[in-house]
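Undergrad: Dumping the structure here so I can ask a few things about it.
Every number in this text was worked out from the coordinates using simple rules, so none of it is lab data. Here the structure is a predicted model, which means the values were calculated and not measured. Quick reminder, even Gly has a Cβ in these numbers, built from the backbone with ideal geometry, and neighbours come from all protein chains shown.
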Amino acid sequence: MGRHKQPEIRAKLLDACVDHALAHGLPDRLEPLATATGTSTRMLIYHFRTRDALLREILGRARQRQRDFFGELVTPRPDEPYPSTLRRAWRAMTGPEGRPYLSMFGRLREDAGQQLWPGFRREATTDWRQPFEDGLRTVGRPELGTLALAVIRGLIMDLEDTGDTDRADRAFDDFLTLLTGQISPTPAERTA
């Protein structure tokens with residue numbers, strides 16, 4: 001009679017693997033993940049069946065963390081003009097908390113032949129459009145959501161390729177300046 005799998009142990013192992021992958025990237029072998037979780041490769045296989053299955057779950061969990069974190073950042077706030085929300089979100093996304101996600105998923109996006117997440121590039125393009133449209137709807141311009149997403153994605157790729165944070169930050173601020181010229185002031189902003 002075999003052991004019964006324990007979902008809470010599996011969940012803890014997966015979270016530790018995600019933490020390691022965000023800090024160091026996806027490994028080619030299971031050994032770094034086993035070391036990071038304090039277990040053996042055999043136990044990782046026991047819980048996740050294959051290396052690729054584990055890597056897919058790591059990516060899925062990391063993507064959910066990113067969606068939660070970035071989603072909260074771009075959510076409109078009643079006490080803040082949406083361009084200010086975008087500025088704060090940009091700083092957090094490209095800062096120390098957000099960079100691990102950008103690095104992990106930037107590499108995945110670049111790997112056109114990758115098999116771990118077929119369709120990732122399309123999903124990564126479409127899953128953020130709605131939050132930006134929702135945010136820009138608060139200022140009467142939801143159609144600018146695609147533009148905001150394209151600028152942010154482009155600047156993130158530029159930042160990942162060049163590491164020139166100052167230039168990317170200035171470009172984002174320039175974009176917000178252009179964007180605010182396209183957005184009518186809210187009634188609260190007109191009276192301020």
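Undergrad: In the range 1-86, what chymotrypsin sites (Phe, Trp or Tyr not before Pro) fall in a loop by DSSP, with at most 10 other Cβ atoms inside 10 Å?
TA: Numbers: sites: Tyr46, Phe48, Phe69, Phe70; in loops: none.
Sites meeting the loop and neighbour criteria: none at all.
Undergrad: Could you work out, for the range 7-183, what percent of all Cα-Cα pairs fall into each 10 Å distance bin, beginning at 0 Å and stopping at the bin that holds the largest distance?
TA: Distribution as computed: 9, 34, 30, 18, 8, 1 percent.
Undergrad: Roughly what percent of Cα-Cα pairs across the range 49-96 reach past 12 Å?
TA: Values: 758 of 1128 pairs.
Summing the P(r) of the range 49-96 above 12 Å gives 67 percent of all pairs.
Undergrad: Quick check on the chain: helices-only [θ] at 222 nm, where DSSP H runs of length 4 and up contribute -39,500 (n - 2.57) each and the sum goes over total residues. Nearest 500, please. Walk me through the intermediate numbers first.
TA: Working: 11 runs with 138 residues, N = 192.
Calculated from helices alone, the mean residue ellipticity at 222 nm is -22500 deg cm²/dmol.
Undergrad: Give me P(r) over the range 22-64, computed from all C-alpha to C-alpha distances, binned every 5 Å, as integer percentages.
TA: Taking all Cα pairs of the range 22-64, the binned fractions are 6, 23, 34, 28, 9, 0 percent.
Undergrad: Moving to a separate point now. With the crude spin-label approximation of a point 7 Å out along Cα→Cβ, what separation in nm comes out for Arg65 versus Ile45?
TA: 2.6 nm
Undergrad: Positive end of the charge dipole of the chain (Lys, Arg +1 and Asp, Glu -1 on Cβ, about the Cα centre): tell me which of Thr37, Pro27, Phe120 has its Cα farthest that way.
TA: Thr37
Undergrad: Quickly rank 131-138, 73-80 as a protection proxy: mean count of other C-beta atoms within 10 Å, highest first. Present the calculation step by step, with values, prior to reporting the outcome.
TA: Values: 131-138: 19.5, 73-80: 13.4.
Result, highest mean Cβ count within 10 Å first: 131-138, 73-80.
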